[in-house]
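J.: This is the structure I want to talk about, given as C-alpha cells.
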Amino acid sequence: MPQINRRIFLATAAGAATNLSSLFAAGDTAGVDATLRSGIVRRRIPAVVGMVGSETRTLYAGAFGKRDATGVPAHVDSIFAIASMTKAITTVAALQLVEQGKVDLAEPIAGRLPQLANLDVLEGFDAAGRPSLRPAKTPLTLRHLLTHTSGLCYDIWDGNMFRYTSANPATNPAKPGPLMFEPGTRWQYGQGVDWAGRLVEAVSGTTLENYFQERIFQPLGMQDTSYILPASKFDRMVSIYHREDGSDLKQDERKLPTPPTTFNGGGGLYSTAGDYVRFMQMILNHGAGPNNVRILQPKAVESMMTNQIGDLPAGKMKSFKPNTSSDVDIQPGHIEKWGLGFLINTAPYAGGRSAGSLAWAGLFNTFYWIDPKRRRCAVILMQHLPFVDKEAIGLLGDFERAVYRSLCGSTRLCDRDRHRGERRSVCGLHRKRGVDRID
C-alpha cells in the first residue's frame, strides 16, 4: 500500500491548487485557500476539497492535494465516499413519504418492516459473559429511527453493542438488534437511519438508488451523487487512506468500487462538494431547489432544524474501534441536540457557525454544516480513517474559522440579498459581482 511521505506533501504544497475561478476579490479568499493549502501539508492529509454556499450561489470552492499516491491533483469536482452524509438524504426521502401520508412518524414501524417486531433489549451480561435480554416495551417508530433514539446502535461507539457483536459475530443482518436501550430513552448514534432507508424502499416500491435519483438528485441537479460509481468517473474518485496506531496514512487499494446489490440508508453514497452544497441549499431554501422545484414543504424542513429529543444529549460518542474512529466530541463542553436528520449545536462555535446550525459527517472525515441564521452552508471533504482523526478535526476547525473570517469580518449577519447602503461594507466577500449560480 502506498504511503504518504514528506516528498509527496512538499510537492503538494509547491503545486498549484485546482480551484474554480475565484468568486470574490482575491484578498477575500486568500485566507481560506492558504488554510487548506498549508493545512494538508502541516497535517499530512492527502487531499481536501472545501466549498461554501449561500441559498443560491457558490461562494467559495477550492481543491488541494492529490487524488492518490500517483500524484494526480484533486479537483473541486473530485468524487468522495461520503458515508453517513447519506443519512440526511435518507431523512429527506422518509419525510417526503410522511408528507404524502404514506407513513407516520409516530406509528409502530413493524407494520411496515416486520423485521422490527418483537425486538429484545440488552440489559447487560451475566458473570459468564452471556447477554441478558428482555422484550422491548416500546414499539419502534420512524421518529426513533431518524433521531438515533431507537436503541439500534453501531458497535463502533456503543460498548455493550461492541461486546455483544464481538461474542456474536454471526448476527443476522436481516434481523436487527438487540436494542441497547428502551426506544426513546437515550440518544446513541446507530443503525436507525439504515432501517429508515429500508422503510423508504418498502413504502415506495423501489430501491433507494432509484428513489434518490428521481425524487432528490435529478431535481436538485446532483449529477455526480449515487451509490454506484461508473467506470467513466473512476478517475475522479479520491482514494481512501487509513492510519493505524498513530502511524502515517497509507493508501488502500485503488480500484473501481463494486456496484452494491442493496442500498443502505445510513451510508454508501459517492458525491462531490458541489452536489452536497446543492442539497444543503435546498435546506436553506426551506425545501425548494433550483427553479423553485419543491423537494420538501417548509414544515418538514423546520422539523429537521428543531430539537426532537427533548432533554437528551446528543453528539458525544466514545469509540471502541480506534482504528476506525476516534472518540467523537466536535464541540467539547457544549450540549448538542438532534433534529430529524441533523446534529444541532445549541451554542455558537468560537469564530464559526451560529447557534442552531445543522451538521453531520461521514466516516472517512467528510463534514458539513448549515447555518440558517447566516444563510450559509459549507462542506469539507477528506478521505481517510480513523473518523475524527485529530488532524482532520484540526483542519475542519481551521477551515470553518477561515470561512467566517472571510464571510464576515464581524459576527453581524451578512447576506448579499440584504446588503443596502451602509451594510454593503460589512462583508468583503460581496464586493465582486458575477458569482456563479448553482442553478
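J.: Scan (1) under 25 Å from residue 53 (Cβ atoms); (2) buried (at least 16 other Cβ atoms within 10 Å of the Cβ); (3) touching a residue at least 24 places away in the same chain (Cβ under 8 Å) for the single condition residue 293 breaks and write down its number.
T.: Looking at each condition in turn, residue 293 falls short on (2).
J.: Also, I was wondering about something else. Can you pull out the residues in segment 129-152 that are without any contact (Cβ under 8 Å) to a residue 60 or more places away in the chain, assigned to a loop (DSSP other than H, G, I, E, B), within 21 Å of residue 312 (Cβ to Cβ) and of a type outside the set (A, V, I, L, M, F, W, C)?
T.: 137, 138, 139, 150, 151 - these are the residues of segment 129-152 that are without any contact (Cβ under 8 Å) to a residue 60 or more places away in the chain, assigned to a loop (DSSP other than H, G, I, E, B), within 21 Å of residue 312 (Cβ to Cβ) and of a type outside the set (A, V, I, L, M, F, W, C).
J.: Which residues, counting only those in segment 242-271, are of a type in the set (Ser, Thr, Tyr), in contact with a strand residue (DSSP E or B) (Cβ under 6 Å, 6 or more places away or on another chain) and either outside any strand (DSSP E or B) or farther than 20 Å from residue 76 by Cβ (or both)?
T.: Hits for segment 242-271: nothing passes.
J.: Can you name every residue in segment 66-96 that is β-branched (Val, Ile, Thr), farther than 19 Å from residue 377 by Cβ and surrounded by fewer than 22 Cβ atoms within 10 Å (Cβ to Cβ)?
T.: Scanning segment 66-96 gives 70, 72.
J.: Turning to a different aspect of this structure: Looking at 94, 110, 117, 69, which one is over 27 Å from residue 181 (Cα atoms) and either in contact with a Cys (Cβ under 8 Å, 6 or more places away or on another chain) or among the small types (Gly, Ala, Ser) (or both)?
T.: Selected residue: 69, the only one of 94, 110, 117, 69 that is over 27 Å from residue 181 (Cα atoms) and either in contact with a Cys (Cβ under 8 Å, 6 or more places away or on another chain) or among the small types (Gly, Ala, Ser) (or both).
J.: Suppose the filter is of a type in the set (A, V, I, L, M), in the same structural domain as residue 257 (by TED's automatic domain parsing) and surrounded by 15 or more Cβ atoms within 10 Å (Cβ to Cβ); does residue 63 pass it?
T.: So residue 63 passes the test.
J.: What number of residues within segment 272-290 are closer than 19 Å to residue 95 by Cβ, part of a loop (DSSP other than H, G, I, E, B) and either outside the structural domain of residue 361 (by TED's automatic domain parsing) or touching a residue at least 24 places away in the same chain (Cβ under 8 Å) (or both)?
T.: Residues flagged as closer than 19 Å to residue 95 by Cβ, part of a loop (DSSP other than H, G, I, E, B) and either outside the structural domain of residue 361 (by TED's automatic domain parsing) or touching a residue at least 24 places away in the same chain (Cβ under 8 Å) (or both) within segment 272-290 amount to 2.
J.: Here's something else I'd like to know. I need the full set of residues from segment 82-128 which are in a helix (DSSP H, G or I) and over 30 Å from residue 239 (Cβ atoms), in order please.
T.: Result: 94, 95, 96, 97, 98, 99, 109, 110, 111, 114, 115, 116.
The values are calculated or read from the model by the stated rules, or taken from the named source; none is laboratory data. Keep in mind that this is a model prediction, so the values were computed, not measured. Please note: Cβ atoms are built from the backbone with ideal geometry, for glycine as well, and neighbour counts cover all protein chains shown.
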